[in-house]
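Take a look at the structure below.
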Amino acid sequence: MLSIGYIGNGKSTNRYHLPFALNHDQIHVKTIYARNLSKVDWERIPSIQYTDDINELFDDKEIQLIVVCTAVESHFEYAKLALEHGKHVLVEKPFMLTTDEARFIFDLAREKGLIAQCYQNRRYDSNFLTTQQVIQSGKLGELLEVEMHYDYYRPDTPNQTHHFSQYNSYLYGHGAHTLDQAISFFGKPNRVHYDVRQLLGTGRMNDYFDLDLYYDNALKVSIRSSFFRLVPRPVAAVYGKKGVFIKQTEDRQEEHLKMFYLPQGHPDFGLDLPQHYGTLTYVDDDGVYHEEKVISEKGDYTRVYDDLYKAIVEGHEKVVKDEETLAVMEIMEQGISACR
């Protein structure tokens, strides 16, 4: 059994973590720390202790893993404290403020024989898992271009933000998802071209980014996001020498979570319907043209906790590697540097 304590009792903990930690039969969620227990935005879970004394987490010998689900400005402090108290630590995206902070945390974890990891649940998005499966099938032939989009039409967010913040930017907030997906599958790129903008002008929120990651054999992976896309671009478009795969819609786990349709007791949680399936078009080795729907892989953020259980309790190598998180941090830090 893996016993967990959470720092933070907001949307991150309650929407993106607890439904999946509680869905794992070898995980015990023991305690949640919140600075203000009188603020009750989420229904409390009877089996969990709630406290406004953070030392109840740090001093509890039963708790092995602390999950940090607070504003990014506090990630470093809480992660450092957890490690210094002998706890493994899982930290929400974008992990730390800087690459240097991330290196410090990873070095401290290694020094103490503990695990520090970024919460990269989007590796288990159905669209990303399906795209990987199509690439690995070989039907596309040698890859030439991969496009990954994470679009919104939320103009109110940048319109109501009248200052620039490096860390509360669109690149840090959402680029951390798709950058990690790309690096986890394709590795660290040889070079990156950055187009990171403030569409509403200098001194405003970063609300757009377009990153081109270049690899060997002419492969380019483009990661693009905008707050002003009334009609979103395909979540994935993969072009090879023999074909193309287009997946229009994103993973449905978040859609279901927002409706409080949770994984417990719902075997269809997060599952794509036929209208969400991607289309694979290719020419086979005999020159025969094919166009077919690809049944989506099942997305499941519970797998993040399963990975950690295996790493902490069973001694497996952790799935989200330090060098991958550092590569994501470096790219985000470099990309946002031109904005002010």
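Values in this text are rule-based calculations from the coordinates and carry no lab data. Quick caveat: nothing in here was measured; it's all calculated off a predicted structure. Note that each Cβ is placed from the backbone with ideal geometry, even for glycine, and that neighbours are counted across all protein chains shown.
In a fully extended conformation the segment linking Leu144 and Glu330 would gain 64.5 nm over its present Cα-Cα distance, using 0.36 nm per residue. Helical content alone sets the calculated 222 nm signal of the chain at -7500 deg cm²/dmol, taking -39,500 (n - 2.57) per DSSP H segment of four or more residues and averaging over every residue. Shown is the FRET efficiency for Ile295 and Arg233, computed with R0 = 22 Å from the Cβ-Cβ distance and rounded to the nearest 0.05: 0.50. Note on Asp156 and Asn36: their simple-model spin labels are 2.1 nm apart, each label 7 Å out from Cα toward Cβ. Gain on full extension, evaluated as 0.36 nm per residue between His85 and Asp284 minus their Cα-Cα distance, stands at 65.9 nm.
Could you tell me the calculated FRET efficiency between Arg340 and Gln264, based on Cβ-Cβ distance and R0 = 56 angstrom, to the nearest 0.05? Once rounded, the FRET efficiency stands at 0.75.
Placing unit charges on the Cβ atoms of the charged side chains and taking the dipole of the stretch 112-153 about its Cα centre, the candidate lying farthest along the positive direction among Leu143, Gln120, Gln133 is Gln120.
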